[in-house]
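Read the figures in this text as sums done on the coordinates, not as results from a lab. On a predicted model such as this, the values are computed, not experimentally measured, just so you know. Glycine gets a Cβ as well: all are built from the backbone with ideal geometry, and neighbour counts include every protein chain shown.
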Amino acid sequence: MEFTTREDIEAPIEYVFDQVTDFGSFERSIMRRGGDVERLAGGESAVVGTKWQVKFLLRGAERIVNAEVVTVDAPNAITIDVVSKSVDATLQVDLVALSPARTRLNVRAKATAKSIPAKLLFQSVKFTRGKNKNKFSAIVANFAEDVETRYGS
């Protein structure tokens, strides 16, 4: 299963990359939503090998995922692999400087099921693919809007 989207942001590529790799902000966001995040390796900057363990409730059960930064090409791209008991996923963010003050954000999320229950879940997601793609695009669009707002301030 794969979702892709892109947004143009009125901010320089370096600023957008800094926002994309502001891991502390994402960690706080997960904790505000009731998850538990533990950084296992790495610091505040985007470096290969930065790792997290994230625990959260989904459909009434506690889920545990491990995430790791696998590639960094500052300020152009970052790739994060996410592994759980039943699903493997990759999140790839590519940035393209359209001009000195405008950046295109391309986001690709790809997931594969490793268990029968996960495969069944993915089947139900495929039935509502349009709705889920719109949700994914809206999340990325909100992030892009927030980056523009912070840059403009």
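Observations, loosely collected:
- Residue within segment 126-142 that is of a type outside the set (Phe, Trp, Tyr), closer than 24 Å to THR79 by Cβ and assigned to a strand (DSSP E or B) present: no
- Test result for GLY42, surrounded by fewer than 13 Cβ atoms within 10 Å (Cβ to Cβ) and of a type in the set (Gly, Ala, Ser): no
- Once segment 72-122 is narrowed to residues that are within 14 Å of the chain's Cα centre (by Cα) and hydroxyl-bearing (Ser, Thr, Tyr), the residue that is nearest to VAL47 (Cα to Cα) is THR79.
- Residues that are outside any helix (DSSP H, G or I) and either without any contact (Cβ under 8 Å) to a residue 12 or more places away in the chain or among the polar types (S, T, N, Q) (or both) within segment 9-27 comprise THR21, ASP22, listed in sequence order.
Here's the yes/no breakdown for (1) β-branched (Val, Ile, Thr); (2) over 22 Å from VAL16 (Cβ atoms); (3) without any contact (Cβ under 8 Å) to a residue 24 or more places away in the chain:
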{"residue": "VAL48", "(1), (2), (3)": "yes, no, no"}
{"residue": "TRP52", "(1), (2), (3)": "no, no, no"}
{"residue": "VAL65", "(1), (2), (3)": "yes, yes, yes"}
{"residue": "ALA77", "(1), (2), (3)": "no, no, yes"}
{"residue": "GLN92", "(1), (2), (3)": "no, no, yes"}
{"residue": "LEU105", "(1), (2), (3)": "no, no, no"}
{"residue": "LYS110", "(1), (2), (3)": "no, no, no"}
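- The residues in segment 99-123 that are surrounded by fewer than 13 Cβ atoms within 10 Å (Cβ to Cβ) and closer than 27 Å to GLU7 by Cα can be counted, and the count is 2.
- Qualifying residue in segment 28-43 (condition: assigned to a helix (DSSP H, G or I) and in contact (Cβ under 8 Å) with a residue 12 or more places away in the chain): yes
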